[in-house]
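To keep things clear, I will list the structure first and then write my remarks on it.
The values are calculated or read from the model by the stated rules, or taken from the named source; none is laboratory data. From a predicted model like this one, the values you see are computed outputs, not experimental measurements. Positions of Cβ are backbone-derived with ideal geometry, glycine not excepted, and every protein chain shown enters the neighbour counts. Note: areas computed on protein heavy atoms with side chains; ligands, DNA, RNA excluded. Shrake-Rupley method; radii C 1.70, N 1.55, O 1.52, S 1.80 Å.
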Amino acid sequence: MTKPIVAIVGRPNTGKSTLLNRIVKRPAAITEDLPGTTRDRNTAEVEWLGTEFTLIDTGGLEIKPDSSIGRGVKAQVESAISHADVIVCVADAIDGVTPSDTEIAEVLRRSGKPVLVAVNKADNPKREMEALEFYELGLGDPLAVSAHHGRGIAELMDKVVELLPKQEPITKVEPESIRIAIVGRPNAGKSMLLNALTGEERVIVDETPGTTRDAVDTVFDYKGQNVVLIDTAGIRRRGRVKAGVERYSVLRTFRAIDRADVVLLVLDATELVTSQDTHIAGYIQEAAKGIIIIVNKWDLIDNKNTAEWNKSVKKAFRFASYAPILYTSAKTGQGIEKIMPQVSQIYRERLKRLPTAAVNDVVQRAVAAHNRPTSRGKQLKIFYTTQAEANPPTFVFFTNDARLVHFSYRRFLENRLREAFGFTGTPLRLNFKTRGKP
């Protein structure tokens, strides 16, 4: 059974994201003293008094936006309102009732949904009294809260739970979700790719680089499999990252990679592979995450000789030669249908568990067929090998001296494991231990 949805809405800079972070007790959304910081819908799972629901933070609602991004934010807010079971309208106790608050209240009344007015920034008794003026919005009793200090949050949550539809006990065990992070440089088409994968406008798409700021989670079903798509902010070269919102966006992008199973590295086909693209791929490899290289905007390319492109891309990402390459156009839909089957395959590869006997057989045959490293008259011996973990696949080699293993021999053994067992799209972790040492 789908969890009920609670949407947080309001005009810009009333503290909606701070409220979400306070409720979920972690920095799930970027907060900055700057109107318009939040743009896309940001979701989080919440449990209060035994009731579970999905909380959606939205961008500041402007009834008549004068920019394409503003119109995109409005569309996202309207979508959140239409899907919500309960709406929390966040106002600002310091500013008092504004014309924008009145306009938003009219939109919420027309929705027919239960609405709670949370008058934020009511940090002292005086402002709590001033919050009473929000009765004039005609949305019921206003609740004075301070998201920053935690005042009134419990009372607000109690009211939310009272208004939620009654849920039947959930006995079905939800399948584990595949977490997919979509990363790359600004304006490579990441958000449009997410919308193409889900088949609807889940996140804002705009030609302005840097439109996406938060790492936005989008949940959808792929052939009965729960999937969480994480759209992220574009990562610029380090020297070009500005302080404030953009810096936090980049940090959240790296966190998104850390919590993903598979990462889609989106390249712009109209530009050559840059050092920043390879830097991002290097981080994905270090984090031991599955990876697919997506060459997007393929519709803009005249020379569609994929053999030539594959050679060039593989050369740039030779340290991640196991990564599949797909050519797509998020705008036209070309190649999009190949992404999720490839993701599913990589996810299965990451969960693969191999019997120790099979691993040892491959490793011992590899050792016998290749000269083993030697240093100061001492030659490497590999006594046995076992797969210690999955997701990511991790192998432990017990040796006479782990210091004898150099990079080229490590790569040789990895290649032999891949030839025997596959592991398409995922890095392998190879740990070498000296027998008898911890």
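Key figures for this structure:
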item: Scope the stretch 371-384; condition outside any strand (DSSP E or B), in contact with a Lys or Arg (Cβ under 9 Å, 6 or more places away or on another chain) and open to solvent by 30 Å² or more (accessible area, probe 1.4 Å); matching residues; result: 372, 381
item: Residue ID - least open to solvent (accessible area, probe 1.4 Å), chosen from residues in the stretch 42-56 that are among the acidic types (Asp, Glu) and either over 16 Å from the mean Cα position of the chain (by Cα) or modelled with pLDDT of 85 or more (or both); result: 52
item: Tally, over the stretch 22-41, of residues that are over 17 Å from residue 92 (Cα atoms) and either modelled with pLDDT of 85 or more or not small (Gly, Ala, Ser) (or both); result: 9
item: Breaking point among (1) free of Cβ contacts under 8 Å to residues at least 60 places away in the same chain; (2) closer than 22 Å to residue 44 by Cβ; (3) open to solvent by 10 Å² or more (accessible area, probe 1.4 Å), for residue 112; result: (2)
item: Identity of the residue in the stretch 66-103, part of a loop (DSSP other than H, G, I, E, B), more than 30 Å from residue 3 (Cβ to Cβ) and not hydroxyl-bearing (Ser, Thr, Tyr), that ends up most open to solvent (accessible area, probe 1.4 Å); result: 66
item: Candidate set: the stretch 385-437, residues that are more than 33 Å from the chain's Cα centre (by Cα) and in a loop (DSSP other than H, G, I, E, B); chosen: the one surrounded by the most Cβ atoms within 10 Å (Cβ to Cβ); result: 405
item: Count of residues meeting criterion [under 21 Å from residue 317 (Cβ atoms), of a type in the set (S, T, N, Q) and touching a residue at least 40 places away in the same chain (Cβ under 8 Å)] in the stretch 399-438; result: 2
item: Pair list, Cβ < 6 Å and 6+ apart or interchain, from the stretch 139-155 residues that are polar (S, T, N, Q) to residues that are open to solvent by less than 40 Å² (accessible area, probe 1.4 Å); result: 146/122
item: Residue 8 being open to solvent by less than 10 Å² (accessible area, probe 1.4 Å), of a type in the set (A, V, I, L, M, F, W, C), in contact with a strand residue (DSSP E or B) (Cβ under 7 Å, 6 or more places away or on another chain) and modelled with pLDDT of 85 or more; result: yes
